[in-house]
Amino acid sequence: MKKVISVSLALVMLLGAMAGTASAARPFPGTDLLTVEQGGEAVKEGKIDLYRVNEFGGADTFLGSYKIGEKGIVTAGRLTTGLYCWIGEDGTKTCFRVTGAGFVKTVVNLAEAAADELPAEEPAILPEEGTEDGREHMTYMSGDGFQIRYNALTVESREIDDHTAEFVYLGEGDGANKVTVCWIAEKQPEEALYETTFSWGEQESILRSEGFFPGTTDKWGYWRVFTDGDLTKCAIAGEYNGGVLMFEIESVSTGDEGRDMTVSDTLAEIIDSITYFEFGEQTMYDYIPGVYVAKDESGAEYKVILNADHTGTLALQDSVGILWGSVALTAPGASYSYTVEGENLYLDLDGVWLEFAKQIAE
């Protein structure tokens with residue numbers, strides 16, 4: 001049974017919990033913590049603009065302007081896998097890549113970044129001599145409503161069946177590094193993930209996380225990662241058009257840092273390149289979005305606002321932006337378990353649950 005307490009007491013506990021967990025909070029997948037430096041020193045003021053780079057031509061997508069904090073820290077949310085660039089107020093441009101779900105820490109040195117070109121670690125892919133036949137820009141078209149871009153000079157694509165395709169890295173490893181994409185009918189993501197990961201090993205040794213599904217900024221996905229020696233396996237699943245769309249990644253480390261990074265980038269680029277002709281609404285959590293309200297003894301209102309795109313606001317004494325998944329509300333520096341039962345939302349504050357009632361739309 002949940003222990004429910006008054007809002008005023010819960011607020012005291014919440015402020016203490018936020019102070020106590022800021023350094024050890026579980027970061028949210030799809031978040032990038034950026035340290036902005038110039039001349040080796042943290043930049044303590046100003047702003048930078050974030051763009052998602054279109055690696056296949058066309059205009060880059062502007063994602064917003066971010067203010068640099070006191071210690072040169074910028075926290076950006078809603079980042080899927082892919083290539084991004086930051087442009088400072090002085091026009092300097094620095095690019096970085098997000099290669100999967102997780103918390104990515106990036107140092108941007110504004111003094112060293114060139115304004116009109118990508119940094120050395122992100123070179124443009126140029127055709128090799130005698131290969132200007134289009135193979136470096138191939139597109140796999142799926143009958144399940146999506147397409148994937150890949151470089152056929154380094155990746156071989158294989159259609160396994162009507163709903164499954166495999167992309168195998170060409171090089172050392174004899175097919176050991178690959179991405180498999182499949183659509184599974186009449187399943188839910190966590191059910192499909194369990195069936196896939198059952199043979200990996202003990203479920204307790206598999207890392208779990210959630211975040212925005214590859215190629216989207218408003219659809220939800222679930223990650224499973226397992227490492228056994230040099231072998232790493234990852235599965236990403238999301239509700240998709242009446243079933244589940246799943247990526248399975250296998251990669252074998254060789255100990256050669258340069259080679260392993262090349263393989264990792266190649267597999268990440270395959271996943272990141274996915275675009276959808278039509279990605280239908282996800283319905284498994286359609287009962288959750290809404291405005292949930294609690295009042296204290298003085299009549300003051302406190303709100304948890306959950307939007308359909310998995311963003312939201314936690315409005316207690318101050319308002320803070322959050323992301324919501326299946327079990328947690330995550331704000332910068334803190335993460336809180338929650339559950340929705342009927343028309344009520346319960347927020348876990350160190351084992352004590354605060355109750356919010358869903359606001360009925362007028």
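Only one residue in G201, G221, G238 is at positive phi and either modelled with pLDDT of 90 or more or of a type outside the set (D, E, K, R) (or both), so which one is that?
Details: G221 fails: at positive phi; G238 fails: at positive phi.
None of the other options fit; the residue is G201.
The C-beta contact set for segment 270-283 (first residue in a strand (DSSP E or B), second residue open to solvent by 20 Å² or more (accessible area, probe 1.4 Å), distance under 7 angstrom, 6+ apart or interchain) comprises T275/Q147; T275/G215; Y276/G215. Within segment 298-311, can you find the residues that are closer than 15 Å to V340 by Cα and either in a strand (DSSP E or B) or under 16 Å from the mean Cα position of the chain (by Cα) (or both)? K303, V304, I305, L306, H310 - these are the residues of segment 298-311 that are closer than 15 Å to V340 by Cα and either in a strand (DSSP E or B) or under 16 Å from the mean Cα position of the chain (by Cα) (or both).
Considering only segment 138-193, give the strands (runs of 3 or more DSSP E) lying wholly within it that have at least 2 residues that are in contact (Cβ under 8 Å) with a residue 24 or more places away in the chain.
On the way: elements: 138-141, 146-150, 155-161, 164-169, 178-185.
Qualifying strands (runs of 3 or more DSSP E): 146-150, 164-169, 178-185.
Just one of R158, R149 is open to solvent by 20 Å² or more (accessible area, probe 1.4 Å) and within 25 Å of the chain's Cα centre (by Cα); which is it?
Values: R158 fails: within 25 Å of the chain's Cα centre (by Cα).
Within the list R158, R149, the selection yields R149.
Looking at segment 315-329 only, could you name the residues that are farther than 13 Å from W220 by Cβ and either under 14 Å from the mean Cα position of the chain (by Cα) or among the β-branched types (V, I, T) (or both)? Working first, answer last.
Initially, segment 315-329 is screened for residues farther than 13 Å from W220 by Cβ, giving 315-322, 329.
Listed by number, the residues that qualify are V320, I322.
Residue check: is V320 open to solvent by 40 Å² or more (accessible area, probe 1.4 Å), of a type in the set (A, V, I, L, M) and in a strand (DSSP E or B)? Show your work before the answer.
Details: open to solvent by 40 Å² or more (accessible area, probe 1.4 Å): yes; of a type in the set (A, V, I, L, M): yes; in a strand (DSSP E or B): yes.
Judged against the criteria, V320 is a match.
Taking segment 165-195 as the range and being under 23 Å from the mean Cα position of the chain (by Cα), open to solvent by less than 30 Å² (accessible area, probe 1.4 Å) and not small (G, A, S) as the test, the residues that pass are E166, F167, N177, V179, T180, V181, C182, P189, L193. Report yes if some residue within segment 205-215 is over 27 Å from A308 (Cα atoms) and part of a helix (DSSP H, G or I); otherwise report no. Yes, because at least one residue in segment 205-215 is over 27 Å from A308 (Cα atoms) and part of a helix (DSSP H, G or I).
The values are calculated or read from the model by the stated rules, or taken from the named source; none is laboratory data. These figures come from a predicted structure and were not determined experimentally. Every residue, glycine among them, receives a Cβ derived from its backbone with ideal geometry; neighbour counts consider all protein chains shown. The protein model used for the area step is the full one, side chains on, heavy atoms only, and it has no ligands, DNA or RNA in it. Shrake-Rupley method; radii C 1.70, N 1.55, O 1.52, S 1.80 Å.
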